[in-house]
Structure formats: structure tokens, C-alpha cells
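One structure is given below, encoded as C-alpha cells.
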Ligand code: HEM
């Protein structure tokens with residue numbers, strides 16, 4: 001079946017997917033590296049900086065969706081339409097709020113991040129009590145994201161292999 005997506009949308013989708021995997025793995029496997037080691041520093045910097053790139057790309061992607069002509073979509077019924085839209089909004093909501101919360105959080109932890117001589121501005125003053133709470137929120141949201149990505153992937157596979165039609169990007173609804 002021919003793809004109805006514009007090439008840039010497909011390109012963006014897979015780029016985001018790969019970056020999300022790297023961002024999550026960099027934190028999930030951080031304990032493999034001892035505190036203070038260069039490997040741990042690399043994992044942390046990768047998480048922070050790539051997480052912020054995801055924020056920027058998510059905003060660009062939403063902007064592209066808004067600007068693009070709506071794609072003609074097959075009617076899968078109201079229920080599927082609403083679930084698909086809810087998952088889309090939640091996923092993008094997470095890709096925007098998670099990095100911002102993380103960025104505030106590292107400021108609260110008083111962590112500085114730099115790459116290639118450039119330093120990430122610190123957008124919060126140190127406060128370890130709020131930092132701890134915000135970390136828990138960040139982690140909870142990330143785990144919710146795992147569930148949403150699982151739902152999104154299952155729906156895509158179901159449409160591709162069982163219904164034999166392709167899911168369509170919701171280019172303009174939000
Ligand atoms: C879409 C982007 C992001 C995703 C999906 C994400 C996901 C995650 C995940 C899965 C964890 C580990 C949870 C665990 O311990 O099991 C984590 C931890 C953390 N992330 Fe992110 N993150 C993102 C962006 C960011 C950004 C941009 C920053 C900071 C600039 C950040 C700062 C942190 C911090 C400080 C922790 C450690 C929390 C703690 O254990 O105290 N994250 N994140």
C-alpha cells in the first residue's frame with residue numbers, strides 16, 4: 001500500500017523514534033557506569049541534550065502538522081478517531097513537557113550541562129526538596145510515555161498487518 005505521508009513526516013517520525021529510544025536507554029542503563037566516570041557523564045549529557053532536541057523537533061513537527069493540508073483519511077469510526085487523537089495529543093504533550101520538566105529539574109539539582117564549549121542555561125535555582133519531587137514526576141511521565149508508545153505501536157501494527165490499511169497522521173486537529 002502506498003504511503004500517504006509526506007516524506008518529511010516519515011523522516012521526522014523515525015528520527016524522533018530513534019532519539020526517544022536513545023534518550024530513554026541512556027537513563028535506564030546509567031547504573032552500568034560508576035559515579036564520576038566519563039561513561040556516566042556521557043550518558044547524562046546525551047540524555048539532557050538529546051531530550052532538548054526532542055523538545056525542539058516536537059514543536060517543529062506540530063508546526064508542520066498545522067501548516068500542512070489535511071490528508072484524506074479512511075473512516076475508522078468515532079471511537080478509533082478519538083483514541084488516536086488522544087494518544088497523539090498525549091505523546092506530543094509528553095515530548096514537550098518532559099524535557100522542560102527535566103531542564104527545570106537539573107537546575108534544581110544544581111547540575112550544569114555543557115557541550116562543545118556551550119553551557120545550557122540554568123532555569124531554576126537549586127532546591128533539593130522540589131528537585132526530588134520533580135524527578136519523581138519526570139520519571140512517572142516517562143513511564144506513562146512507555147505505555148503510550150506501546151499503544152501507538154500496537155495500533156500501527158494492527159492497522160498494517162490485520163486491517164491492511166495505514167494509519168494517518170492527524171495533521172491539523174490541534
Ligand atoms: C522526551 C525527552 C525525555 C524523556 C523521554 C526522558 C525520559 C527519562 C527516563 C526514562 C528517565 C529514567 C527514569 C528511571 O529512573 O527509570 C529519566 C530521568 C531523568 N531525566 Fe529525562 N527524559 C527526557 C528529557 C530530559 C531532559 C531534557 C532533561 C534535562 C535537561 C532530563 C532530565 C532527567 C533527570 C535529571 C533524570 C533523573 C531523575 C532522577 O532519577 O533523579 N530528561 N528521563
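Bear in mind that the values in this text are calculations on the coordinates, not laboratory data. Predicted, not measured: the structure shown is a model, and the values here were computed from it. Neighbour counts are summed over all protein chains in view; Cβ atoms, including those assigned to glycine, are modelled from backbone coordinates with ideal geometry.
For the chain, the longest principal axis of the Cα atoms and the long axis of helix 128-157 meet at an angle of about 30 degrees. Peptide packing for 11-19, 109-117 was compared via the average number of neighbouring C-beta atoms within 10 Å per residue; ordered from the highest value, the list is 11-19, 109-117. Shape class for segment 95-134: oblate, because the ratio a/c of the largest to smallest gyration tensor axis (alpha-carbon atoms, square roots of eigenvalues) is 1.5 or more and b/c is at least a/b. The Rg/Rh ratio of segment 7-169, with Rg taken over Cα atoms and Rh as the Kirkwood radius over Cα pairs, comes to 1.02.
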